[in-house]
1. Restricting to the range 282-302, what's the tally of residues that are open to solvent by 70 Å² or more (accessible area, probe 1.4 Å) and either touching a strand residue (DSSP E or B) at 6+ places or on another chain (Cβ under 9 Å) or under 17 Å from residue 336 (Cα atoms) (or both)?
2. Go through the range 377-392 and count every residue that is open to solvent by 20 Å² or more (accessible area, probe 1.4 Å) and at pLDDT 55 or above.
3. Would you check if residue 365 is at pLDDT below 95, open to solvent by less than 60 Å² (accessible area, probe 1.4 Å), of a type in the set (D, E, K, R) and over 26 Å from residue 284 (Cα atoms)?
4. Do the conditions hold for residue 234, that is, is it loosely packed, with under 14 Cβ neighbours inside 10 Å and at pLDDT below 95?
5. Say whether the condition of being closer than 14 Å to residue 202 by Cβ and in contact with a Gly (Cβ under 7 Å, 6 or more places away or on another chain) is met by at least one residue in the range 240-257.
6. For residue 398, state whether it is open to solvent by less than 30 Å² (accessible area, probe 1.4 Å), modelled with pLDDT under 80 and not hydroxyl-bearing (Ser, Thr, Tyr).
7. From (1) among the β-branched types (Val, Ile, Thr); (2) at pLDDT below 75; (3) open to solvent by 30 Å² or more (accessible area, probe 1.4 Å), pick out the condition that doesn't hold for residue 80.
8. Please specify each residue of the range 329-344 satisfying the condition of being of a type in the set (S, T, N, Q) and farther than 18 Å from residue 179 by Cβ.
Amino acid sequence: MSVRVSPTEKIRGEIDALFDGSRELSEIIEDVARLGARLIIQAAVEAEVEVFLGRARYQRAAECPDARAGSRNGFCESTIKTTAGPVTVARPKLRGTTEAFASQLFGKGVTKSNALESLVIAGFVRGLSTRDVQNTLADALGSEAALSKSTVSRVCQAIGEEFEAWSARRLHDLELDYLFLDASMFKMHPGARAEPVLAAWGITTEGAPVFVALAAGGSESTDAWGDFLDELRARGLRPPLLVISDGAAGLINAAETALPRSLRQRCLIHRCRNVLAKVPAEALRELRDAYWAIFDTDDLIAAGIAPGPKLVAAVQQRIDAFAAQYGRAFPAAVKCLLSDRGQLTSYLRFPVEHHRRIRHSNFIERTFGETRRRVKVIGRLPGETSCLNLVWAVLDRASRGWRGMAMTPTGTRLLADLRHQLLDPPTPLHRSKTDTQAQTPESVGAVA
C-alpha cells in the first residue's frame, strides 16, 4: 500500500533535495526562496483546514468532541504570483461539510499574493509574532484575509518549537573526530552593538558532517564560550580529537579548559588575514604566497614524510625560514605568525585527505554570510529568540548539503591511534605504599 504524503511534506522533500551537495549554496538561493514561499503558503492553508474541521489529518472525528462534519477530499492545484515568481500550491478540497470551506488566505479569486513577504518577513524577521503575521497578511490581501489566531500560531511557532527540541537533544551518541567552533555577529537588542551567535559543528568518526549546537553568547569571552562548551558536555558530548577555531582569546581559553585532551588547530585563513593586516599593500601578494607555501606539504608527503611529528617538525622549520627571511622588513607580521605557532600545525598529525578541510574554520562562513545578508536589510532583529530561530533555520537546512570526509583504511587507523593516545591513554600503574617505602635509595643503588 502506498504511503500518502501531504503536499507540505513533498515540498520539504524538494527543499532537502536542493541541499544534496551537487550545487553551490549561492546557486540555489532563488530556488530555496521559491520553495520556501510554497512551503509557507501550503502550511498555512492546510492549517486552516485543520481549524475548520477541528481535527488533524487522519484523525478520527470521534476522537475530537469539537470536530465538524466533513472530510478531506484531495487537492486541486492553484498558481499564486509572488515576488519570488509564480508558485503552485495544492488547495485542499472537502466533502460532506454542513457549510462551505473558504480559505481566508486565498479567498475565492486571489491570484497575486505577497504571502512570501508577509509570512517570511513577519515570521523570521519580526520574531515569529502572531499579531505581526495577521497584520501583514491583512495589509497584503485585504482585511478579509485575516487568519484565525490558532492557524497563524501553528505556522509561526513551528520553527521555534523545532529549534527548542533540537537545542535540548542529547549528544551522548555523537562521537566526533573534528569539532569546529565559530561565532557570527548580529544586532538583536535595542541600542546595543552586534552580539555573537556561537555555533558548533563537526565531523563524526564515520566522516559525516553534523550541526551540533547554536546559542546566543552576549560576547566572545572565556565565560561565554565556557558556558557554551560546558552545556554541550552536560548534554553528553564527548571530547573530539581536534578543535578548530579562529584566534579569539576567549574561545581558545574555554576550549583548552573544557576540552583539555583535544588537540587545537588555529584557523590558517584567519591567521593569514592577521599577518597580512600588518603588511603594506605593495608586499601583500609576496607575503601571502610565502605564507601559504609554508603549509603546502605536497612535496613533503611525496618525499615519504607521513602525517605525524616529523611532518609537523618539517613545517615548523619552514615557519623559522619565513621568520628569518622577513623578520627584519616586516617584524610585526612575523611576530604575529610566530604567536601560537604550535597550533598552526596540529592538523598535520591527521590523515592527509583531511588536511584541506581541517586547517581552517571557514567551513560554515558561506552559510553565516547568507544569514547576515538576510537580516542586513532590517538592521536589527527584535531579540535573541527571533535571531536564533532565523540563524538555526538557515543553518539547519544548509547543513543537510554539507560534504562529509572520505575515510580511507590508512586514515581510519591513524585516527584510531590518535584517539587512543589523546582520549584513552593507558591507566598508570599505582604502587602500594609498602612497595614505595621498601624501595629505599640503597636498594635502588643495589639493583643498579
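1. Residues in the range 282-302 being open to solvent by 70 Å² or more (accessible area, probe 1.4 Å) and either touching a strand residue (DSSP E or B) at 6+ places or on another chain (Cβ under 9 Å) or under 17 Å from residue 336 (Cα atoms) (or both): 4 in total.
2. Taking the range 377-392 and keeping what is open to solvent by 20 Å² or more (accessible area, probe 1.4 Å), we get 377-380, 382, 384-385, 388.
Subset that is at pLDDT 55 or above: 382, 384-385, 388.
Of the residues in that region, 4 qualify.
3. no
4. On the way: loosely packed, with under 14 Cβ neighbours inside 10 Å: yes; at pLDDT below 95: no.
No.
5. Yes - at least one qualifying residue is present in the range 240-257.
6. yes
7. Result: residue 80 fails condition (3) only.
8. Our first condition is that a residue be of a type in the set (S, T, N, Q); within the range 329-344, this holds for 339, 343.
If the condition is that a residue be of a type in the set (S, T, N, Q) and farther than 18 Å from residue 179 by Cβ, then 339 is the only one that fits.
The values are calculated or read from the model by the stated rules, or taken from the named source; none is laboratory data. Not measured: the values here are computed from a predicted model. Ideal geometry is used to build each Cβ from the backbone, glycine not excepted, and the neighbour counts take in all protein chains shown. Please note that ligands, DNA and RNA were not included when accessible areas were found on the heavy atoms of the full protein model with its side chains. Shrake-Rupley method; radii C 1.70, N 1.55, O 1.52, S 1.80 Å.
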